[in-house]
1. Going by how many other Cβ atoms sit within 10 Å of their own, how do THR99, THR24, THR155 line up, fewest first?
2. I need the GluC sites (Glu not before Pro) found in the range 151-197, filtered to DSSP loop residues with at most 14 other beta carbons within 10 Å of theirs.
3. Taking other Cβ within 10 Å of each residue's Cβ, how do HIS170, HIS53, HIS62 sort, fewest first?
4. Number of Lys pairs in the range 10-196 with C-alpha atoms less than 19 angstrom apart, excluding same-chain neighbours closer than eight positions?
5. Sum up the charges of everything whose Cβ sits under 15 Å from the Cβ of PHE134, counting Lys and Arg as +1 and Asp and Glu as -1, but leave PHE134 out.
6. Name the long-range amide H neighbours of VAL61: under 5 Å, sequence gap of 5 or more, or other chain; modelled H, no Pro or chain starts.
7. May I ask you to evaluate 6.51 cos²θ - 1.76 cosθ + 1.60, the Karplus curve with θ = phi - 60°, for each residue of the range 164-171 and list the ³J(HN,Hα) values in order in whole Hz, giving x for glycine and proline?
8. Which residue fluctuates the most in the chain, going by a Gaussian network model with Cα springs under 10 Å, if the choices are VAL14, VAL112, VAL61?
Amino acid sequence: MHISEGVLNGPVLVAGASIALAGTVVGLKKLELDNIPQAGMLAAAFFVASLIHVPVGPASVHLILNGIVGLLLGWAAFPAILTALLLQAMMFQYGGITTLGVNTVIMALPAVICYYLFKPFIHKTHRSAMIGAFACGAGSVLLGAILVAAALMFTEKNFLEVAGLVVIAHIPVMIIEGVITAFCVAFLKKVKPEIFM
């Protein structure tokens, strides 16, 4: 879901950088000292998961894990994802420095939205926790794909077809991320249920 350098226009880049900065400031304010190691581990998991690309037609897709990152960190997903994306841009040229803000918003904003939508389900029955976790994982990828499509469409109307392909290409990833998030939540509820408090 990384948007490369030179694709987006100036207003979209500025808007993305502004939203990413605001989200990161809020995330850093809400990140408690005790949760910094957890944020670091989740940033590392996000970093590694999104390095494994699977070819789908002319493009490729990859795991994102922003659903589980959002579910466990809330607003702190912004600084965690920003850090991982910055390292990917510098080390592997995924995305880029000018698109860092937009790429952060594409992956962190859905994480925060899904945190608010689905976190209440995690505290209910086992069945509702699994449904909420699956929806969080799948929904965060869907929202991310929609944000990619929106960024492309706001740049140029001719990107409409590409924007649609981005969303369609991520349907398998949505399902896989939903399943992974559900397994992670089931495991964490057994071994460390206080992590969801």
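No value in this document is a laboratory result; all are computed from the given coordinates. As the structure is a prediction and not an experimental result, all values here were calculated from the model. Quick reminder, even Gly has a Cβ in these numbers, built from the backbone with ideal geometry, and neighbours come from all protein chains shown.
1. Details: THR99 25, THR24 22, THR155 19.
Going from sparsest to densest Cβ surroundings: THR155, THR24, THR99.
2. For GluC sites (Glu not before Pro) across the range 151-197 that sit outside H, G, I, E and B with at most 14 neighbouring Cβ atoms in 10 Å, the list reads GLU156.
3. On the way: HIS170 24, HIS53 12, HIS62 16.
Fewest to most other Cβ atoms nearby, the residues stand as HIS53, HIS62, HIS170.
4. Numbers: LYS30/LYS119; LYS119/LYS189; LYS119/LYS190; LYS119/LYS192; LYS124/LYS189; LYS124/LYS190; LYS124/LYS192.
Within the range 10-196, the lysine pair count is 7.
5. Details: positive: LYS119, LYS124, ARG127, LYS189; negative: GLU177.
That sum, taken over residues with Cβ under 15 Å, equals +3.
6. Placed amide hydrogens put VAL54, VAL56 under 5 Å from VAL61.
7. Each residue of the range 164-171 in turn: x, 5, 4, 5, 5, 5, 8, 4 Hz.
8. Ranking VAL14, VAL112, VAL61 by mean-square fluctuation puts VAL14 first.
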